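*Asks:* There's a structure below that I have some questions on.
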Amino acid sequence: MRVCVYCASSDAAPASFRVTAQRLGELLAEGGCTVVYGGGSSGSMGALATGALSRGGEVIGVLPRFMADLEWGWPGKAHAAPLDAQGLCMEQGSAGWRAGPGTVAGGNGTFNMQYVEDMRERKHRLLADSDAVVALPGGCGTLEELFEAITLKRLGLYFKPIVLLDTNGLFAPLTAYLDQLIDARFMNHEHAAMWQRVAMPADVLPAIRATPDWRSDARAYAVPR
């Protein structure tokens, strides 16, 4: 299963967001999922990748070239090879970065970076061929990615689960606002089923697996009625 994860690169946010992101990465890898994310090395992005790699998972980063020029991508500015605070040593091979032996749970995860020209291509590449979207709390970039996925689902162009991992309750006001938009008839009541909000990383995979593909007639009720 290929899971697209939207999350933030901020190290200034409380550490609880990074802890949650790392745990999500661990669980996705343990569940046999390939993690596709924005390719960053810091904040929730870096924690997510670290978690998945520490459990032997496959991680794909998608990074615009201007961000690579600024050294925002994995492995980051500080290391010739990735190394997290818990000692997740990485070795570079023909298939990309691989977690070295002796890391948490044996390591042996693989990291591959895909470079794209701009943010628009990044969003397309993240979502393409994904079997689910998971959004963690983040800033305007994370919200833009999330709302594009929701919009495409409403238009019948994306059919897979969209799960909001509600760390510290940050998504609760957002989903309440979306409910208000539905009540105001900017969307139909059916559209409330386009996303799910869960509380803990352990809830994410069960939510994905329990959610059927979106209705094939989505375009028929995309316009409010």
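The values are calculated or read from the model by the stated rules, or taken from the named source; none is laboratory data. Remember, predicted model here, so these are calculated numbers, not experimental data. Cβ coordinates were reconstructed from backbone atoms using ideal geometry, including for glycine residues, and neighbour counts include every protein chain displayed. Note: accessible area is taken over every heavy atom of the protein model, side chains too, but ligands, DNA and RNA are not part of it. Shrake-Rupley method; radii C 1.70, N 1.55, O 1.52, S 1.80 Å.
*Asks:* On the basis of being in contact with a Leu (Cβ under 9 Å, 6 or more places away or on another chain) and either loosely packed, with under 14 Cβ neighbours inside 10 Å or of a type in the set (Gly, Ala, Ser) (or both), does ALA192 make the cut?
*Replies:* yes
*Asks:* Identify the single condition in (1) open to solvent by less than 60 Å² (accessible area, probe 1.4 Å); (2) in contact (Cβ under 8 Å) with a residue 24 or more places away in the chain that ILE182 does not satisfy, given that it satisfies every other one.
*Replies:* Status for ILE182: all satisfied but (2).
*Asks:* Let me ask something else. Let me spell it out: the conditions are (1) within 27 Å of SER16 (Cα to Cα); (2) open to solvent by less than 50 Å² (accessible area, probe 1.4 Å); (3) touching a helix residue (DSSP H, G or I) at 6+ places or on another chain (Cβ under 7 Å), and ASN168 meets all of them except one. Which number is the exception?
*Replies:* Going through the list (1) within 27 Å of SER16 (Cα to Cα); (2) open to solvent by less than 50 Å² (accessible area, probe 1.4 Å); (3) touching a helix residue (DSSP H, G or I) at 6+ places or on another chain (Cβ under 7 Å), ASN168 breaks only (2).
*Asks:* Across the stretch 194-225, what is the total count of residues that are outside any loop (DSSP other than H, G, I, E, B) and within 16 Å of ALA135 (Cβ to Cβ)?
*Replies:* Residues in the stretch 194-225 being outside any loop (DSSP other than H, G, I, E, B) and within 16 Å of ALA135 (Cβ to Cβ): 10 in total.
*Asks:* Please go through the stretch 25-54 and give me each residue that is open to solvent by 10 Å² or more (accessible area, probe 1.4 Å), farther than 14 Å from ASP11 by Cα and in a loop (DSSP other than H, G, I, E, B), ordered by number.
*Replies:* Passing the criteria: GLY31, GLY32.
*Asks:* So which residues in the stretch 145-173 are part of a helix (DSSP H, G or I) and either more than 22 Å from LEU24 (Cβ to Cβ) or free of Cβ contacts under 8 Å to residues at least 12 places away in the same chain (or both), if there are any at all?
*Replies:* Listed by number, the residues that qualify are PHE147, THR151, LEU152, ARG154, GLY169, PRO173.
*Asks:* Within the stretch 4-21, how many residues are of a type in the set (Val, Ile, Thr) and either part of a loop (DSSP other than H, G, I, E, B) or exposed (fewer than 15 other Cβ atoms within 10 Å of the Cβ) (or both)?
*Replies:* Matching residues across the stretch 4-21 total 0.
*Asks:* Looking at the stretch 55-64, which of the residues that are among the aliphatic types (A, V, I, L, M) and either open to solvent by less than 10 Å² (accessible area, probe 1.4 Å) or closer than 13 Å to LEU27 by Cβ (or both) is farthest from the chain's Cα centre (by Cα)?
*Replies:* The selected residue is LEU63.
*Asks:* Here are some conditions: (1) in contact with a Phe, Trp or Tyr (Cβ under 8 Å, 6 or more places away or on another chain); (2) surrounded by fewer than 18 Cβ atoms within 10 Å (Cβ to Cβ); (3) of a type in the set (A, V, I, L, M). VAL163 meets all but one. Which one does it not meet?
*Replies:* (2)
*Asks:* Still on this structure: Only one of these conditions is not met by ARG120: (1) at pLDDT below 90; (2) open to solvent by 80 Å² or more (accessible area, probe 1.4 Å); (3) among the charged types (D, E, K, R). Which number is it?
*Replies:* Unmet condition: (1).
*Asks:* Something else about it: Residue by residue through the stretch 201-224, note down the ones that are in contact with a helix residue (DSSP H, G or I) (Cβ under 8 Å, 6 or more places away or on another chain) and open to solvent by 60 Å² or more (accessible area, probe 1.4 Å).
*Replies:* ALA202, ARG215
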